[in-house]
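The values are calculated or read from the model by the stated rules, or taken from the named source; none is laboratory data. Just so it is clear, the structure is predicted and the values come from calculations on it, not from any experiment. Cβ placement follows ideal geometry from the backbone for every residue including glycine, while neighbour counts extend to all protein chains displayed. Surface areas here come from the heavy atoms of the whole protein model, side chains and all, with no ligands, DNA or RNA. Shrake-Rupley method; radii C 1.70, N 1.55, O 1.52, S 1.80 Å.
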Amino acid sequence: MGFQWLKIINKDPRLDGMDDLSGIEIPLHYIFKLASHAIHLVVFYERSGNYLWHGPLRLKQYMDRKFVPFRKLHFGRYPGAYEKPEFLHVSIDDLKVQIPKNPSSFLEEMSHSRFLECRYREARAFFQLYPDDASLDAVEFRKKAKSLLHLAALTLNNLGVKFWLSSGTCLGWYRQCNVIPHSKDVDLGVFIRDYKADIIPAFQKAGLPLKHKFGKVEDSLELSFQGEDDVKLDIFFFYEEGNHIWNGGTQAKSGKKFKYLFPKFTLCWTEFVELKVHVPCESLQYVEANYGPDWKVPVKIWDWKSSPSNVQYNGVWPVDEWDDVIQIY
């Protein structure tokens, strides 16, 4: 045919883990060139969170950087994660090919498909310094937290509510690629613009009763649901203000308000406990805002009102609002 071609390979992240940092390489991209025309073949792989993934287009040192105008390629600047689409068999110029059944949905995913791999190498270094808790209690908690996170994701995804791993759950993903066993809860973040009144009834229908509701949609909303045994799900709602984003906290007995400030961030996909889930793309800045420069050091005694690096006192709820903004069940 007269095509020139380039094959991009890299390590297979599906084989990476706490026990094995595999060096096995797999094909990620093929680029075929004929005169001034180029065909970019992107290889998608199925991952254990039941989604499709493609790797980044990273040229080896010896490769011709002028082979094609790489900056014009739509795929490959970052790794990407996609829902598994249904396919249709179609014929284009007598050539039988498959296309996504819903092309617009697939194309819409492209703009926010960026994927972050878990930092297994750093997690292994962390566990060498701080051996993992392998006690029965820790194993049981992680099992329940994983189950709760999967149920929460299913519930929010069915409602079309975008969410991400926040607080201790985000720290666990970033620092040790796992749930922190002494955290005792699962933490999620949601932008207040994505709030839906259906959230509470949907979780209750899923078997997770409301434990408390603090704040209101306009200010410092926070929902907590009771999972299995003493494992709870906390959903913090985030508000944009100026050049930062914040979520609120409420002390039930005093009506005191607190706010937690974060630099603005965007959302990326990752895989955590076999689930495709969002995390802040600017993960380090997010974690450092919450836990300070010593976030790598485990802390078992944590006061949500004073321990976070980004906490600010935010006044007191007026007493006549307490029935609305402090609800405990």
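Our coupling estimate for region 209-226, obtained by passing each phi through the Karplus curve with A = 6.51, B = -1.76, C = 1.60 and θ = phi - 60°, is x, 5, 8, 7, 10, 10, x, 8, 4, 6, 6, 6, 5, 8, 10, 10, 10, 8 Hz, Gly and Pro reported as x.
In the context of the full set of protein chains, residues of the chain present 55 Å² of accessible surface per residue (probe radius 1.4 Å, heavy atoms only). Rolling a 1.4 Å probe over the protein chains gives Lys211 an accessible area of about 70 Å². For Lys7, the lysines whose Cα falls under 25 Å of its own Cα, not counting residues fewer than eight places away in the same chain, are Lys33, Lys60, Lys66, Lys72, Lys84, Lys96. Heavy-atom accessible area with a 1.4 Å probe sorts Ser220, Ser306, largest first, into Ser306, Ser220. Taking all protein chains as they are arranged and a probe of 1.4 Å, the heavy atoms of Trp295 leave approximately 20 Å² accessible to solvent.
Cysteines of the chain lacking any other cysteine Cβ under 4.7 Å from their own Cβ: Cys170.
Extension gain, Ile99 to Glu218, is 38.5 nm, computed as 0.36 nm per intervening residue step minus the present C-alpha separation.
Which parts of region 27-56 would a label at Lys72 reach, counting a residue when its backbone N lies under 15 Å from a point 7 Å out along Cα-to-Cβ? From region 27-56, the list is 32-40.
Please arrange Ser104, Ser166 by accessible surface area, largest first, computed with a 1.4 Å probe and ligands excluded.
Ser104, Ser166
In plain terms, the chain from Leu136 to Leu15 could stretch by 40.9 nm, reckoned as 0.36 nm per residue minus the Cα-Cα distance.
For Leu267, the amide hydrogen comes within under 5 Å of the amide hydrogens of Cys281, counting only partners 5 or more places away or on other chains and with H modelled in the peptide plane. Once the dipole of region 212-329 is set up with Lys and Arg at +1 and Asp and Glu at -1 on Cβ about the Cα centre, which of Ala252, Leu275, Ile326 lies farthest towards its positive end? Sorting the options by dipole projection puts first Ala252.
Which of (i) 66; (ii) 57; (iii) 61 is the computed percent of Cα pairs over 24 Å apart for the structure on display? This structure yields the entry labelled (iii). Put the Cα centre of region 36-101 next to the Cα centre of region 231-294 and the gap is 33 Å.
Of the beta bridges in the chain, as assigned by DSSP with both residues counted there, near 90 percent are antiparallel. Region 122-146 and region 190-224 have Cα centres spaced 29 Å apart.
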